[in-house]
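Right, one structure below, let's go through it.
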Amino acid sequence: MQSGRTVFGLISLLLLIMLVVIQPQPLPQDVLENWRVINAVGSAEGSDSRTEALENLLKYQPWRVDLWHQLAKEALDTGDDAAAVMALEHLEGIESLDAEMLFQMAELYLRNGQIDQAEQTWQRLLSQENLSEDLYLELVRYQRLEGNFDFAREAAQGWVMQYPTSGKANYYAGLVHLAADPDRAMIWLQAAGSLDPVYQTRSIKLVDAAETAKRNEDQAYQLVVIGRALAYIESWDLAEEAMNRAVHLAPQAAEAWALLSQVQQKLGRDAAPALEYALKLSPDSTIVRSSAAAYWRSQGQPDKALEYLQSLAEEQPLLGIWQVELGATYQMMGKLDIALNHYLNAVELEPENPSVWQSLAAYCFHTGIQVQDLGIPSARTALQLDPQNADLQGLMGWGLLTSGDLVNAEQFLRKAIELDPGNATAFYYLGVLYLQDQKTGDANQAFKRAVEFSEGGSIGWMAARLLDEMEK
């Protein structure tokens with residue numbers, strides 16, 4: 001009996017000691033204050049304060065999965081990479097992360113230089129079932145931006161395997177494989193064109209290039225042909241990959257180096273080394289000299305470009321292309337009268353060539369010079385020479401839009417889209433037309449299509465800027 005009372009007394013004493021020594025952490029008012037900060041959305045409390053409050057709560061309530069999710073979202077929204085990684089890694093230890101979270105985690109690892117962790121996370125993402133097409137597209141585009149073409153191809157292959165009847169999946173699978181595996185790429189591109197008219201025009205262009213390339217056994221030449229086709233559709237990153245493969249196979253191929261320099265200019269890279277090497281290998285080459293002209297024009301030194309173009313025009317006086325290039329160079333210099341004369345020389349030299357008429361019309365529309373008297377008639381002539389050309393239909397629409405004829409402009413732009421449902425330029429000018437006509441909803445949709453179909457080209461960039469302005 002005495003023993004029982006003794007044990008009871010010891011237990012009571014221990015409980016008393018614990019109550020005295022161990023204070024509750026955090027105090028209730030601290031918890032309430034952290035919740036007040038977290039819930040103060042739109043108030044004077046900053047996002048950094050909410051992130052800190054979540055971290056404080058989780059020190060005492062680490063089992064709260066909902067708070068870890070909230071911390072991950074808050075940290076991602078505010079750009080707090082360290083907190084976001086901590087939250088996502090903790091969540092991954094207690095549940096399976098969805099595809100969006102894995103994508104974000106891989107981005108964070110890559111941004112912080114944790115390459116191995118990023119690649120492992122990409123692989124876990126690809127192993128997931130039922131990824132959406134939008135996520136596959138983001139994955140392929142992101143890997144292309146990072147220059148990780150092998151992984152982009154792996155992702156695109158997974159995409160087309162999961163969505164075999166998707167024109168978009170087949171198009172991107174073919175696109176990213178074109179330089180690495182042309183035969184396989186052609187199968188996907190042909191399927192893309194038949195499955196979705198949006199990709200038909202571009203797929204035909206790329207398949208034609210691949211078939212042309214196959215007629216020559218020289219692999220470097222094949223890659224140059226493919227690279228030029230990729231450049232034509234403004235897939236500059238993939239064009240660069242093709243040209244890099246070409247110069248690796250044939251390091252003495254001056255024209256491949258010259259074309260590589262042109263692609264590098266478009267990507268904002270240092271194009272001088274490739275161009276200098278091309279000039280060293282073959283200073284008299286037409287392609288090398290025209291690339292040198294393009295380089296100096298891109299560097300804001302059109303006077304140096306003129307040296308190359310004038311010699312080319314003298315050597316090949318019957319070709320309108322050099323007159324067009326001279327016109328573009330003088331236009332850049334602000335010498336618009338001289339520029340116009342060169343454009344007129346071009347159409348005089350090649351009156352049956354729609355591209356020189358197109359260049360003359362574009363000059364008028366860009367500068368606002370003789371839009372009605374010369375620009376629109378030139379666009380009409382180009383269209384008469386090639387009436388099924390979507391770009392020329394769009395050109396006429398642009399000219400009529402410039403002249404203020406919105407009704408007829410819309411008809412031509414819609415005809416361009418009918419001929420080529422993936423024509424980014426036509427969607428861009430249609431968006432501009434809708435803006436002028438105060439149809440902001442329609443403009444928004446048109447600009448989004450322009451961005452989607454532009455493949456990172458200048459038209460998509462301009463459309464994205466207008467979208468940003470519309471959202472302000």
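3J(HN,Hα) couplings calculated from phi for the range 373-390 with the Karplus curve 6.51 cos²θ - 1.76 cosθ + 1.60 (θ = phi - 60°) are, in sequence order, 7, 10, x, 5, x, 5, 5, 5, 5, 4, 5, 5, 6, 8, x, 9, 8, 4 Hz; Gly and Pro show x.
As a rough footprinting exposure proxy, the listed residues Arg465, Arg202, Arg184 were ranked by other beta carbons within 10 Å of their own, and the order from fewest upward is Arg465, Arg184, Arg202. Give the shape of the range 324-472 as rounded, prolate or oblate, defined through the alpha-carbon gyration tensor: a ≥ b ≥ c are the square roots of its eigenvalues, a/c under 1.5 means rounded, and otherwise the shape is prolate if a/b is larger than b/c and oblate if not. Judged from the Cα gyration tensor, the range 324-472 comes out prolate (a/c at least 1.5, a/b above b/c). Here the dipole of the range 300-351 is about 180 debye; that uses its Cα centre as origin and unit charges on the Cβ of Lys and Arg (positive) and Asp and Glu (negative).
Using only Cα atoms, locate the centre of the range 226-273 and the centre of the range 300-339, then give the distance between them in Å, rounded to an integer. The two parts, judged by their Cα centres, are 23 Å apart. Straight-distance candidates among the aspartates and glutamates for linking to Lys304, with alpha-carbon spacing under 15 Å and chain neighbours fewer than 8 residues away dropped: Glu276, Glu325. With the gyration tensor restricted to C-alpha atoms of the range 300-351, the semi-axes of the equivalent ellipsoid amount to 17, 14, 6 Å, longest first.
Counting every other Cβ atom within 10 Å of each residue's Cβ, Glu455, Glu352, Glu211 order from fewest to most as Glu352, Glu211, Glu455. Along the range 298-308 the Karplus relation, 6.51 cos²θ - 1.76 cosθ + 1.60 evaluated at θ = phi - 60°, assigns HN-Hα couplings of 5, 8, x, 10, x, 4, 6, 4, 4, 4, 6 Hz to successive residues, with x for each Gly and Pro. Just want the answer: with Cβ charges of +1 for Lys and Arg and -1 for Asp and Glu, which residue in Leu319, Gly334, Leu344 is farthest toward the dipole's positive end in the range 300-351? The one lying farthest along the dipole's positive direction is Gly334.
Which of the residue pairs Lys266/Lys448; Lys335/Lys415; Lys205/Lys266; Lys266/Lys415 have a Cα-Cα distance greater than 24 Å in the structure shown? Pairs exceeding the cut-off: Lys335/Lys415; Lys266/Lys415. With K and R counted +1 and D and E -1, the other residues having a Cβ less than 15 Å from that of Phe365 yield a net charge of -2.
Read-outs: derived from the displayed coordinates by stated rules, not from any lab. As the structure is a prediction and not an experimental result, all values here were calculated from the model. Note that we place each Cβ from the backbone using ideal geometry, even for glycine, and neighbour counts take in every protein chain shown.
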